[in-house]
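Student: I'd like to ask you about the structure that follows.
The values are calculated or read from the model by the stated rules, or taken from the named source; none is laboratory data. Everything numeric in this text was worked out from a predicted model, so none of it was measured. Using ideal geometry, Cβ is built from the backbone for each residue, glycine included, and neighbour counts are taken over all protein chains shown.
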Amino acid sequence: MEKFIDQHKDDLIELVQEALKIRSVEEPPFENAPFGEGVKLALEYALAAAEEMGFSVKNLDNYAGFAEFGEGSEVISILGHLDVVPEGKGWTHLPYGGEIADGKIFGRGAIDDKGPILAALFGLYALKESGLSIKRRVRIVFGTNEETGWKGITYFKQKVKDPLIGFTPDGNFPVINREKGILNITVGRKFSAKNDALKLRGGERPNMVPDRAEAELKNMSGAISGDVEVEGNKLIAKGVSAHGAHPWEGKNAVAILCKALESIELPDEVKRVIDFVNEAVGNDVYGKGLGIANEDELSGKLTVNLGIMKIDENSAEITFNIRYPITDSDERIIKGIEETAQKFGLSVLNTHTQKPLFVDEKEEVVQKLLKVYEETTGEKGYTLAIGGGTYARAMDKGVAFGPVFPGMKAVEHQPDEFISIEHLIKLAKIYGKAIYELAR
């Protein structure tokens with residue numbers, strides 16, 4: 001397999017370059033494109049490439065698709081995704097150019113997750129062309145809205161009933177077998193009288209630390225505290241963005257803004273909302289003020305990110321993104337937040353939970369992937385816990401296996417996202433071997 005990959009590495013490089021030229025950011029749906037034209041084109045491209053490699057392919061109404069190889073009643077699945085987050089600003093290379101410079105391929109999705117899932121496809125191609133015998137079927141599954149809601153993989157599971165056993169190339173090496181639970185919870189209230197004293201908005205997504213928040217005040221009376229900019233009757237707070245899975249790496253602009261509003265004269269109902277943020281949240285990212293702090297040995301501490309806050313003339317809403325330990329429960333957390341919120345006249349408005357992932361280290365899938373990691377890298381294999389969420393938790397028995405090696409700088413979701421050519425080729429080899437070990 002490795003010899004085949006080395007001999008055909010230019011084909012792999014071109015495969016990834018062309019995929020990166022497709023802007024597969026989710027957009028409004030239209031006929032036969034549930035996540036927009038770009039996502040549909042990316043799926044069609046991957047399936048066409050797989051078919052050209054000699055695999056049977058299936059497009060599930062452009063919600064998802066897969067390439068399949070081999071025979072047998074048992075199936076090994078590798079789940080990845082072709083959708084990407086928006087490109088954002090600050091690029092020095094074209095975000096959808098697939099440019100090569102300094103031995104790297106640049107483009108949105110290079111490492112998350114077009115490069116890795118296509119490396120897995122190429123690894124399977126090498127396995128097939130090498131004539132190695134396997135006893136289980138293998139599916140490379142292409143998801144389409146992993147970044148924005150998982151509707152694509154949900155549709156796949158409704159249509160394809162085989163148990164999902166295998167891995168996703170969308171995390172870290174050696175093996176991620178533990179993922180915290182993820183809870184999005186919104187608390188708020190409707191005001192009994194029209195609020196014209198304060199309009200506030202901060203944050204765009206629950207799972208991102210807000211880097212900007214603004215408040216518009218009718219009356220500036222009272223002391224303004226904290227590091228905020230004043231523009232007429234507006235207060236502007238600037239923070240530092242970070243992923244909701246590790247909020248301690250950021251600086252929450254909503255918390256900064258609410259602190260600045262602490263002594264401003266406001267109607268009681270509005271004031272209590274600000275007090276809730278200042279007294280129960282503030283800069284605490286571990287949930288102590290909310291009454292939900294917890295940790296376990298398997299996955300570490302519970303973390304809290306205040307991702308979105310808005311106050312308008314009729315109501316207030318605050319949305320949190322919480323990553324909770326494997327042995328914890330969303331029921332306990334919801335109850336704790338509800339009890340705290342009620343002290344400030346707020347209530348829980350809605351919740352959405354992704355349950356934790358835990359696959360025992362003794363399971364075959366974990367042991368075989370650790371063996372492959374050790375044999376291909378010469379490094380000791382071990383398991384990891386993360387606060388993020390991967391397609392592994394959509395599987396019946398799945399883990400995350402790469403693509404990021406220990407010590408690598410995180411470039412996903414960043415300007416000038418890239419994958420080095422050396423890294424890409426190494427992934428194809430390690431994923432090819434992993435598929436062979438799981439399927440033989």
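Student: Assess whether P403 counts as being within 28 Å of G149 (Cβ to Cβ), in contact (Cβ under 8 Å) with a residue 24 or more places away in the chain, in the same structural domain as D83 (by TED's automatic domain parsing) and surrounded by fewer than 23 Cβ atoms within 10 Å (Cβ to Cβ).
Tutor: no
Student: Looking at (1) more than 20 Å from S420 (Cα to Cα); (2) without any contact (Cβ under 8 Å) to a residue 60 or more places away in the chain; (3) out of contact with any Gly (no Cβ under 7 Å at 6 or more places or on another chain), which is the one condition that is false for A101?
Tutor: If we test A101 against (1) more than 20 Å from S420 (Cα to Cα); (2) without any contact (Cβ under 8 Å) to a residue 60 or more places away in the chain; (3) out of contact with any Gly (no Cβ under 7 Å at 6 or more places or on another chain), just (1) comes out false.
Conditions (1) in a loop (DSSP other than H, G, I, E, B); (2) under 30 Å from E269 (Cα atoms), marked per residue:
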residue	(1), (2)
E338	no, yes
G345	yes, yes
Y373	no, no
K380	yes, no
D416	yes, no
I430	no, no
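Student: Determine, yes or no, whether T351 is at pLDDT 95 or above, under 23 Å from C258 (Cα atoms) and outside any loop (DSSP other than H, G, I, E, B).
Tutor: When the stated conditions are applied, T351 does not pass them.
Student: Return the pair list, or none, for Cβ contacts closer than 6 Å from residues in region 73-96 that are assigned by TED's automatic domain parsing to the domain that holds D170 to residues that are of a type in the set (S, T, N, Q) and modelled with pLDDT of 95 or more, at least 6 apart or on different chains.
Tutor: Correct list of pairs: L79/T168; L82/S24; D83/S24; D83/T144; V84/S24.
Student: Give the residue that is surrounded by the fewest Cβ atoms within 10 Å (Cβ to Cβ), with candidates limited to residues of region 282-303 that are touching a Ser or Thr at 6+ places or on another chain (Cβ under 6 Å) and under 14 Å from Q342 (Cα atoms).
Tutor: G291
Student: Scan region 369-387 and give yes if some residue there is surrounded by fewer than 22 Cβ atoms within 10 Å (Cβ to Cβ), in contact (Cβ under 8 Å) with a residue 24 or more places away in the chain and closer than 30 Å to A280 by Cα, otherwise no.
Tutor: The answer is yes, given that some residue of region 369-387 is surrounded by fewer than 22 Cβ atoms within 10 Å (Cβ to Cβ), in contact (Cβ under 8 Å) with a residue 24 or more places away in the chain and closer than 30 Å to A280 by Cα.
Student: Would you say P247 is within 22 Å of the chain's Cα centre (by Cα), assigned by TED's automatic domain parsing to the domain that holds V209, buried (at least 22 other Cβ atoms within 10 Å of the Cβ) and within 14 Å of P210 (Cα to Cα)?
Tutor: yes
Student: Taking the criterion of being surrounded by fewer than 17 Cβ atoms within 10 Å (Cβ to Cβ), under 30 Å from L438 (Cβ atoms) and modelled with pLDDT of 95 or more, would at least one residue in region 304-326 satisfy it?
Tutor: no
Student: Can you tell me which of A126, A119 is assigned to a helix (DSSP H, G or I), of a type outside the set (V, I, T), closer than 22 Å to E437 by Cα and over 28 Å from the mean Cα position of the chain (by Cα)?
Tutor: A126
Student: Here is a further query. Under 6 Å between Cβ atoms, at least 6 apart or on separate chains: pull out the pairs that start in region 121-136 with a residue that is modelled with pLDDT of 95 or more and end on any residue that is surrounded by fewer than 20 Cβ atoms within 10 Å (Cβ to Cβ) and among the small types (G, A, S).
Tutor: K135/G72; R136/G72
Student: Only one of these is closer than 23 Å to E338 by Cα, more than 20 Å from the chain's Cα centre (by Cα) and modelled with pLDDT under 95: E279, E262, E231, E269. Name it.
Tutor: Exactly one of E279, E262, E231, E269 is closer than 23 Å to E338 by Cα, more than 20 Å from the chain's Cα centre (by Cα) and modelled with pLDDT under 95, namely E262.
Student: Listed residues E52, E26, E31, E37; which is out of contact with any Asp or Glu (no Cβ under 9 Å at 6 or more places or on another chain), within 23 Å of E147 (Cα to Cα) and either assigned by TED's automatic domain parsing to the domain that holds A428 or not polar (S, T, N, Q) (or both)?
Tutor: E31
Student: Give, as residue ranges, the strands (runs of 3 or more DSSP E) completely inside region 208-326 that count at least 3 residues that are of a type in the set (A, V, I, L, M) and closer than 27 Å to K89 by Cα.
Tutor: 234-238, 303-311
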